[in-house]
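The values are calculated or read from the model by the stated rules, or taken from the named source; none is laboratory data. For clarity, every value in this text was computed on a predicted model and none was experimentally measured. For neighbour counting, all protein chains shown are included, and Cβ atoms are generated from backbone atoms with ideal geometry for every residue, glycine included.
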Amino acid sequence: MNKKIFFEYFEKLELVLIGLFIFFGYVINKESIQLLFTVIVGLIPILKCNMFKIKITKNDLIWIGICLLSFISTLYSIDKESTLRYSICLFLVIILKIITLNYKSYKKSIVNILAFFSSIHVFATLIYAIFPNFIHFIIGKILTASAYEYNLALMRHGMNAGISSEHGFNAFCITVFICIFFVRFLYNKEKKILNFIFIIIGILALLLTGKRGLLVANAISMIVIFIIVNLRNKKILKKSALIFLIILVVSRLMLYIPATKIVFERFQETSDEDDMLNGREDIYKVLFENIAERPLFGSGAKTTGDLTGGNDGHNIYLQIVSELGIIGILVYFLVFKDSIVKLLKALKFSADRENVLISAYYQIFFLVYGLTGNPLYNFSILLVYMLMINLTISINKKEELK
């Protein structure tokens, strides 16, 4: 076999390994070991075929700066072990970002790999609602005893975790599926009906998880992408009718499926209690107190759990300031700004609109969900965010070469 072809296959193997880590890493539950193994495998085609030719972008450099800041915070952290562990994993995730951007097959393969692995969680969620015993058998084989019991407890309360150990993670996996097929439905004229069906299936699966924050973040992402796609489209009324039809069909289905009522019930409960933050104001209060006490450098990366009794901040922006201080949030805003600028450039100039819009959808989702969730502190969710940034960068590079 030709050496070049062999390492192209090796690149695809690495992307598959990344997909397995993102969507099924919880099965092994050894993040640092999995990431290290994936990095080692990923470096092989780079070192063999592109020795000393690894290109590092401005975006990568900012992420490296964030990682260095995280490592430095170990010196004054209130929980040095937690900070160091987080910093090491963040470093490995950034290395994966740099590696994959140097792959020649990256843009052609990554979206299909994400679509395939996310679809497993979507269909498992639907099957769980219909044939729970079948899913019980599967999760009994792949989850730890405690994770298995937690999965069952969630289901008893109407929150479907699928074959994962947590309904929030399941909702994230489903989000990746919706992200891809929503854009394909709007922009790709081929397989319109199939993509329409996939959207309905994806939204229904997301509703079954009972995760309001991810539902709202997806809704906002859909609206923004819809506006971008139809900004200069005279047929916007026709497409608006189709989107309305999707919402109507899914809403009607929910009325006849008891499992989906959990979403409306949870919204109603918090509305009745006048507490849409669902108790998170206590966490926010702790974060603000920590910010007032350590405004410049914070208490160290990944130390919020020590302050809140084990909970993350449920707002990545507040948590960044609390853990890394004003300096930390400024550096993070640099990476967010750089990613958005690159995205806007791709939206304006690139002919590869489908992949750009997929990247845009997920980046919007990530930043919006960050207001009430913890996407920055889950390495699966964070890695997909970095992969989507890479997708934008790779598209811009291709346009520049034309």
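General remarks:
- Scanning the stretch 62-82 for residues that are among the polar types (S, T, N, Q) and over 19 Å from LEU330 (Cβ atoms) yields THR74, SER77, SER82.
- Selection within the stretch 154-182 - outside any loop (DSSP other than H, G, I, E, B), at pLDDT below 95 and aliphatic (A, V, I, L, M): LEU154, MET155
- Helices (runs of 4 or more DSSP H) contained entirely in the stretch 205-316, each with at least 3 residues that are modelled with pLDDT of 90 or more, surrounded by fewer than 17 Cβ atoms within 10 Å (Cβ to Cβ) and not assigned by TED's automatic domain parsing to the domain that holds GLY162: 280-293
- The numbered conditions (1) outside the structural domain of LYS342 (by TED's automatic domain parsing); (2) over 17 Å from LEU391 (Cβ atoms); (3) modelled with pLDDT of 95 or more; (4) β-branched (Val, Ile, Thr) are all true for ILE22 except (2).
- Which numbered condition GLN319 misses (of (1) part of a helix (DSSP H, G or I); (2) modelled with pLDDT under 95; (3) closer than 30 Å to TYR86 by Cβ): (2)
- Any hit, the stretch 107-114, residues being part of a loop (DSSP other than H, G, I, E, B) and charged (D, E, K, R): no
- For the stretch 371-390, the set of residues classified as under 23 Å from ILE223 (Cβ atoms) and either at pLDDT 95 or above or in contact with a Pro (Cβ under 6 Å, 6 or more places away or on another chain) (or both) consists of ILE381, VAL384, TYR385, MET388, ILE389, listed by residue number.
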